[in-house]
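To start, the structure under review is shown below, and the notes come after it.
The values are calculated or read from the model by the stated rules, or taken from the named source; none is laboratory data. This structure is a prediction, so every number in the text was calculated from the model and none was measured. Here the Cβ is made from the backbone with ideal geometry for all residues, glycine too, and neighbour counts use every protein chain on show. Heavy atoms of the whole protein, side chains included, go into the accessibility calculation; ligands, DNA and RNA do not. Shrake-Rupley method; radii C 1.70, N 1.55, O 1.52, S 1.80 Å.
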Amino acid sequence: MTRVRPIHNRVALLLAAMTVVAALALPFLGFAPNRLLSGKAVALSTVAGAGWSGAALLPVALLLAVPFLRPGRAVNALYVGGGVLAAAGLVWLAGQHAVLLAATASPAARTSFGAGFWVMEAAALLAVLDGVRRLGLGPAGRVAMGVLAAALIGGQFAAGHLDQLSIMKEYANQRDVFAGAVLRHAALVAAALVPTLLIGVPLGIAAQRSAAVGRLVFPVLNVVQTIPSIALFGLLLAPLSALAAAFPGLGIGGVGPVPAVIALTLYSLLPIARNTAAGLAGVPEPVREAARGIGMTPRQIFWRVEAPLALPVFLAGLRITLVQAVGLAAVAALIGAGGLGAIMFQGLFANALDLVLLGAVPVILLAVAADAALKLASALALSRLGRVAA
């Protein structure tokens with residue numbers, strides 16, 4: 001009888017199954033005569049069969065074998081390396097075939113990423129995350145893997161290898177406004193973060209100190225979270241317009257960045273306030289008693305004992321706040337706040353999917369970068385607390 005090889009990594013098996021299904025059943029690319037027509041699907045077999053292009057799929061083959069390999073540090077390292085190379089190789093493969101198609105097509109033709117590409121790319125990146133977890137890499141190692149993947153993919157963009165892809169053609173058309181949109185998006189998030197911290201942190205402290213304040217504050221902030229973002233922008237339109245009419249010198253209007261910053265601040269208060277309160281509540285009472293016993297004042301206890309111990313929980317709330325604000329800032333383009341959301345909605349109104357992606361992909365990357373940076377900061381804070389405790 002033929003012996004069936006055991007499954008050692010069920011997550012890798014699921015990702016391998018996703019990859020196989022995407023490769024066989026979904027289009028890897030789409031090719032259309034212009035940006036408005038859907039065009040025809042291009043299968044992975046067609047893309048990989050052009051010259052030596054199929055060599056880019058060798059890391060993908062490694063990922064398919066991982067579920068059946070006996071677990072160990074070397075296998076996990078191959079798992080991570082295979083995922084990084086597969087993610088970069090799939091992008092290279094798409095760019096290479098776009099160049100071949102552009103050689104015989106009109107300048108208006110568009111080569112777009114297909115559903116198969118996105119599924120396979122997601123599976124490769126998830127494999128990297130799973131492999132990093134299994135390797136037990138610390139925050140610095142995880143950041144290094146992220147930087148490596150970003151460098152291998154971003155280097156292709158910088159070298160012009162992907163210029164024939166539709167999303168890069170859309171970038172060329174939006175080059176004059178793209179950098180400004182990214183900066184405007186980041187400015188909206190930063191502008192909302194300042195009042196969020198100035199209001200949310202004191203609210204969290206007050207809620208932890210007084211149960212009555214907590215019973216008043218958190219239900220109100222919970223209600224704010226349930227209001228759809230577009231509805232909240234609409235609710236702010238009338239009062240801000242009236243304020244602008246009454247005091248024209250303030251430079252405030254019912255549309256633009258001001259209502260966007262106010263709405264983002266309102267949405268951001270709950271995670272900041274709740275995590276501030278939770279972090280302070282998690283400080284052991286014996287630690288406070290010991291601080292009082294050595295003669296510390298309440299102010300000294302807060303800054304030297306409670307705040308450092310509550311910092312990791314606070315940073316977790318800040319991470320949630322930032323990621324949420326980066327996403328919601330895109331919706332603010334509907335009220336004239338600008339940012340990457342303006343590019344996304346421009347693509348939606350023009351029925352140009354790749355223009356939507358040109359706005360959406362940087363939003364995702366900004367959110368991922370903010371999440372990774374604050375995860376690293378939280379891990380460093382925990383490590384420092386561990387050293388102090390030791």
message = Residues that are of a type outside the set (Lys, Arg) and under 14 Å from the mean Cα position of the chain (by Cα): list the helices (runs of 4 or more DSSP H) wholly contained in segment 303-390 that include at least 2 such residues.
response = 307-331, 353-389
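For (1) open to solvent by 40 Å² or more (accessible area, probe 1.4 Å); (2) more than 29 Å from residue 11 (Cα to Cα); (3) free of Cβ contacts under 8 Å to residues at least 24 places away in the same chain; (4) of a type in the set (Asp, Glu), each residue gets a yes or a no:
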| site | (1), (2), (3), (4) |
| --- | --- |
| 33 | yes, yes, no, no |
| 40 | yes, yes, yes, no |
| 45 | yes, no, yes, no |
| 55 | yes, no, yes, no |
| 60 | no, no, no, no |
task = Please indicate, with yes or no, whether at least one residue in segment 103-113 is hydrophobic (A, V, I, L, M, F, W, C), closer than 25 Å to residue 13 by Cα and surrounded by fewer than 23 Cβ atoms within 10 Å (Cβ to Cβ).
result = yes
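May I ask you to say which residue of 31, 68 is at pLDDT 90 or above and of a type outside the set (D, E, K, R)?
Of the residues listed, the single one that is at pLDDT 90 or above and of a type outside the set (D, E, K, R) is 31.
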key: Hits in segment 56-105 - residues which are in a loop (DSSP other than H, G, I, E, B) and either out of contact with any helix residue (DSSP H, G or I) (no Cβ under 9 Å at 6 or more places or on another chain) or polar (S, T, N, Q) (or both)   = 70, 72, 103, 104, 105
key: Candidate set: segment 193-245, residues that are outside any helix (DSSP H, G or I) and under 25 Å from the mean Cα position of the chain (by Cα); chosen: the one nearest to residue 282 (Cα to Cα)   = 227
Single condition residue 294 does not satisfy, out of (1) more than 28 Å from residue 139 (Cα to Cα); (2) open to solvent by less than 40 Å² (accessible area, probe 1.4 Å) = (2)
remark   = Of the candidates 149, 102, 140, the one satisfying the condition of being more than 30 Å from residue 383 (Cβ to Cβ), among the hydrophobic types (A, V, I, L, M, F, W, C) and either outside the structural domain of residue 378 (by the TED database) or in contact (Cβ under 8 Å) with a residue 24 or more places away in the chain (or both) is 102
